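So the structure is just underneath, and the comments pick up after that.
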Protein chains: 2
Amino acid sequence: MSAEIISVGTELLLGNILNSNAQFLAQQLAELGIPHYYQTVVGDNVDRLKQAIATACERSQILIFTGGLGPTPDDLTTETIASFFNAPLIEKPEIIADIQQKFAERGRQMTDNNRKQALIPRGATILENPVGTAPGMIWQPQPNLTILTFPGVPIEMKAMWQQTAVPYLKGQGWGQAMIVSRLLKFWGISESSLAEKVADFFDLENPTVAPYANFGEVKLRISAKAASEEAARQIIEPVEQQLLQIGGLDCYGSDDESLASVVGDLLKITQTTLSVAESCTGGGLGQMLTCVPGSSSYFLGGIISYDNAVKEQWLGVDPQVLAEQGAVSDRVAQQMAAGVRSRLNTTWGLSITGIAGPEGGTDTKPVGLVYIGLATEQDLTSFVYRFGARGRDWVRQVSACTALDLLRRRLLTEPLAPDDRT
Amino acid sequence: MSAEIISVGTELLLGNILNSNAQFLAQQLAELGIPHYYQTVVGDNVDRLKQAIATACERSQILIFTGGLGPTPDDLTTETIASFFNAPLIEKPEIIADIQQKFAERGRQMTDNNRKQALIPRGATILENPVGTAPGMIWQPQPNLTILTFPGVPIEMKAMWQQTAVPYLKGQGWGQAMIVSRLLKFWGISESSLAEKVADFFDLENPTVAPYANFGEVKLRISAKAASEEAARQIIEPVEQQLLQIGGLDCYGSDDESLASVVGDLLKITQTTLSVAESCTGGGLGQMLTCVPGSSSYFLGGIISYDNAVKEQWLGVDPQVLAEQGAVSDRVAQQMAAGVRSRLNTTWGLSITGIAGPEGGTDTKPVGLVYIGLATEQDLTSFVYRFGARGRDWVRQVSACTALDLLRRRLLTEPLAPDDRT
């Protein structure tokens, strides 16, 4: 018993969109423990879709389609599947009623082309769409073959998957062995350095350990296969402990944690507060911090001092220092951090000033040069980085993450004594 | 003549990573005018990879592999392809020399497992990797079948594609017809409303017109097939003009333009400046604005007033208004916009205050309620939106984009007279 994901849509073949649906479904199948060995992408074309179905039928027993369920003429997934298995299409009045109601709720009339969405092959069951108008189906056109169809719109596909498909698949008793993964996240160490430190673990078979890297972040994924989630977690546990030991402070968190959420937790534990002063990141550090629900309990705000006049007037940066050392310098980073901290009256002040590029670099101050300042009432430090001319987005993203990571390490190693807090 | 993309890697089947390589290659093939009808994803498994090769050989003439070229035992793309076509593997001394040199540059010794990367099937040509250690190959194992292999690491794959594969493919004279696309971008209109307005265009065959929607943004892609880029652009042009006519103000730009870049262009044209005051977006609006290189010429900075004390103290929001109407109210939005504008001394002041959720909503002020304020020296307006409880990220992202869109419309319809400028 194995599943195959078939993504239908010419926009995928043109590269107009990323196939994020396939990733979501792949994760979900792994969690359910349903093996999945192939994914296929095919365009909005009857003959080629039929060929993809023929190939998939020979090697997989659960075919999961996304895309091609809409009301327009190039949406032809349902009719092509029906035609492949020589089944007639039946109009379902309950789908028409559902679509009419959804249109009515928006004060609109159902259009004629939506009628097409009410057709499903004889014998198929409707897979309800709680979000949009296009329903899917669950169908067993022949013994030992189950077809599930979903729209291509990710939000609709995900809602239908969770609400209807997961209970159905679990109800069938599919998925003997579960794959459970644990993701350890690192900042401040390169992928190759980490890989060298943990090289022995890459030979493990259950759990497996594999490294990934993206935008300065390095991850180790520990994946275990077992009959139950609990058994898989027990396989993961000892390996995770060893990796945490090796990773030390470089490992900042796991799974859904982010640098911002980890810093937030530490600020809450230490009952301290934070404000930020941003130049080259232009608000990106604040944006990251406030991604975390509840961040208002420790993050008070900040000043985006993109222009030097704002640095002087609203952060108290010394005009002479700006003139002599430039906006991208350790003194300015320190004064920005101190300025925002005292003005917003927080425990910590964190600042970033740098050259994001692509223009603006010089020999002595190249693109990618970034200073990060960290202020408390008692002390003032700054850090310099050369992130390289790897693109404006890269420099800005890595700068904000590095600032969070600096504060994280400080919070872990040198927490303020309670009477030091402002 | 058509190509097929075969992505090899168990991490794709586990959903650990997004298949961004397939999107990149799809775009590249479209630009080169090489038809491409199927994509396959298969794990690091010899038998299944062989089956995928067998299927692909029957329907495609150019097979493009990514992944499985590394030095570890689960990297088996090259040896499996060789075995499928019964070709012996040959060790290439020039690859060994290249890997040794790359290791030496980093002050390291080549390890034994890297030797594996020097093996390619007899008759294949090395596809050099300027970035990493894993080279690829170009091989014609049988008449009318060409195989290209690339590593899975996107940065290496892309560099090799551009530097070696593109010249090769062009040199073969493949790709008669080019596909050129033009993307029109809309804000402030729903996908279904826009689709209704332009429904007739969806029946066109060359160019084709197709709608996409994501995170509140709607796009229309016009794609033309022609012998040359110029001919394709001529096919696109009249349709684009008609769509722009219909779209009116809702169409904010095209292709690589963003709301932030369009607003930036308008600020430059009108020689006006901008500052922002952000509550629920926490810096996201400033972050978007400063994504645009050169934004420092019109964006001076902002105040992230996450905490009410910051709203009072640094934006001059009236404490009584805060107490009586709450931080999420039109009066507060207005006072935030006016406050940041006057303090940072800019032409425009733009503010956002809202409830991003998931917590914090009430019956009268539900999650997704957002106020946007826009201030000039002469006037002060605010706008209210109910974006719905569709997730914290959604509310924040859509709020920032909507704020930019409001300013865009104002700049287009009611530009300040030169003597109104501060």
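The values are calculated or read from the model by the stated rules, or taken from the named source; none is laboratory data. This one's a predicted model, so the numbers in the text were calculated from it and none came from an experiment. Methodologically, a virtual Cβ is constructed for each residue, glycine included, from the backbone with ideal geometry; neighbour enumeration extends over all protein chains shown.
Using the structure shown, decide if A:I34 is in contact (Cβ under 8 Å) with a residue 60 or more places away in the chain, part of a loop (DSSP other than H, G, I, E, B) and touching a strand residue (DSSP E or B) at 6+ places or on another chain (Cβ under 6 Å).
Working: in contact (Cβ under 8 Å) with a residue 60 or more places away in the chain: yes; part of a loop (DSSP other than H, G, I, E, B): yes; touching a strand residue (DSSP E or B) at 6+ places or on another chain (Cβ under 6 Å): yes.
Considered against the rule, which asks whether it is in contact (Cβ under 8 Å) with a residue 60 or more places away in the chain, part of a loop (DSSP other than H, G, I, E, B) and touching a strand residue (DSSP E or B) at 6+ places or on another chain (Cβ under 6 Å), A:I34 comes out as yes.
Quick one: which of A:L380, A:L374, A:L406 is under 21 Å from A:F299 (Cβ atoms) and out of contact with any helix residue (DSSP H, G or I) (no Cβ under 9 Å at 6 or more places or on another chain)?
Values: A:L380 fails: out of contact with any helix residue (DSSP H, G or I) (no Cβ under 9 Å at 6 or more places or on another chain); A:L374 fails: out of contact with any helix residue (DSSP H, G or I) (no Cβ under 9 Å at 6 or more places or on another chain).
A:L406 is the lone residue from the list that is under 21 Å from A:F299 (Cβ atoms) and out of contact with any helix residue (DSSP H, G or I) (no Cβ under 9 Å at 6 or more places or on another chain).
A:L25: over 22 Å from B:E58 (Cβ atoms), touching a residue at least 40 places away in the same chain (Cβ under 8 Å) and either touching a His at 6+ places or on another chain (Cβ under 6 Å) or surrounded by fewer than 20 Cβ atoms within 10 Å (Cβ to Cβ) (or both), yes or no? Working first, answer last.
On the way: over 22 Å from B:E58 (Cβ atoms): yes; touching a residue at least 40 places away in the same chain (Cβ under 8 Å): yes; either touching a His at 6+ places or on another chain (Cβ under 6 Å) or surrounded by fewer than 20 Cβ atoms within 10 Å (Cβ to Cβ) (or both): no.
Here the answer is no, as A:L25 does not meet what is asked.
Just to be sure I understand the filter: pairs with C-beta atoms under 6 Å, separated by 6 or more residues or on different chains, first member in the stretch B:321-335 and at positive phi, second member surrounded by 17 or more Cβ atoms within 10 Å (Cβ to Cβ) and assigned to a loop (DSSP other than H, G, I, E, B). Which pairs pass?
From the stretch B:321-335, no pairs qualify.
Looking at the structure I just gave you, is A:S342 surrounded by fewer than 24 Cβ atoms within 10 Å (Cβ to Cβ), at the interface with chain B (Cβ under 9 Å from one of its Cβ atoms) and not in a loop (DSSP other than H, G, I, E, B)?
In short, no.
Within the stretch B:37-50, which residues are facing chain A (nearest Cβ under 7 Å) and assigned to a helix (DSSP H, G or I)?
Hit for the stretch B:37-50 is B:R48, nothing else.
I'm trying to understand the selection: among the residues of the stretch B:150-164, which are at pLDDT 90 or above and crowded, with 21+ Cβ neighbours inside 10 Å?
Passing the criteria: B:F150, B:P151, B:G152, B:M157, B:M160, B:W161.
Considering only residues that are more than 26 Å from the chain's Cα centre (by Cα) and within 16 Å of A:I222 (Cβ to Cβ), which ones fall in the stretch A:185-205?
Here is the first cut: in the stretch A:185-205, the residues more than 26 Å from the chain's Cα centre (by Cα) are A:196-197, A:199-200, A:203-205.
If the condition is that a residue be more than 26 Å from the chain's Cα centre (by Cα) and within 16 Å of A:I222 (Cβ to Cβ), then A:K197, A:A199, A:D200, A:D203, A:L204, A:E205 are the ones that fit.
For the stretch A:321-336, which positions are over 34 Å from the mean Cα position of the chain (by Cα) and within 13 Å of A:I355 (Cα to Cα)?
Residue satisfying the conditions is A:G326 alone.
Within the stretch A:59-70, how many residues are surrounded by fewer than 19 Cβ atoms within 10 Å (Cβ to Cβ) and more than 9 Å from chain B (Cβ to nearest Cβ)?
Going through the stretch A:59-70 one residue at a time, the tally reaches 1.
Within the stretch B:345-365, track down each residue that is surrounded by fewer than 20 Cβ atoms within 10 Å (Cβ to Cβ) and at the interface with another protein chain (Cβ under 10 Å from one of its Cβ atoms).
B:N345, B:P358, B:E359, B:G360, listed by residue number.
Hey, A:V276 hits all of (1) within 10 Å of chain B (Cβ to nearest Cβ); (2) over 24 Å from the mean Cα position of the chain (by Cα); (3) of a type in the set (V, I, T); (4) surrounded by fewer than 22 Cβ atoms within 10 Å (Cβ to Cβ) but one; which does it fall short on?
(4)
Among the residues of the stretch B:176-231, how many are away from chain A (no Cβ under 12 Å), in contact (Cβ under 8 Å) with a residue 24 or more places away in the chain, assigned to a helix (DSSP H, G or I) and of a type in the set (D, E, K, R)?
Selection size over the stretch B:176-231: 2.
If I filter the stretch A:291-309 for residues that are in contact (Cβ under 8 Å) with a residue 60 or more places away in the chain, within 14 Å of chain B (Cβ to nearest Cβ), within 24 Å of A:R390 (Cα to Cα) and not in a helix (DSSP H, G or I), do I get at least one hit?
Among the residues of the stretch A:291-309, not one is in contact (Cβ under 8 Å) with a residue 60 or more places away in the chain, within 14 Å of chain B (Cβ to nearest Cβ), within 24 Å of A:R390 (Cα to Cα) and not in a helix (DSSP H, G or I), which makes the answer no.
Got at least one residue in the stretch B:55-75 being at pLDDT below 85, in a helix (DSSP H, G or I) and over 21 Å from A:Y212 (Cα atoms)?
No: zero hits.
Among the residues of the stretch B:87-97, are any at pLDDT 95 or above and of a type in the set (K, R)?
no
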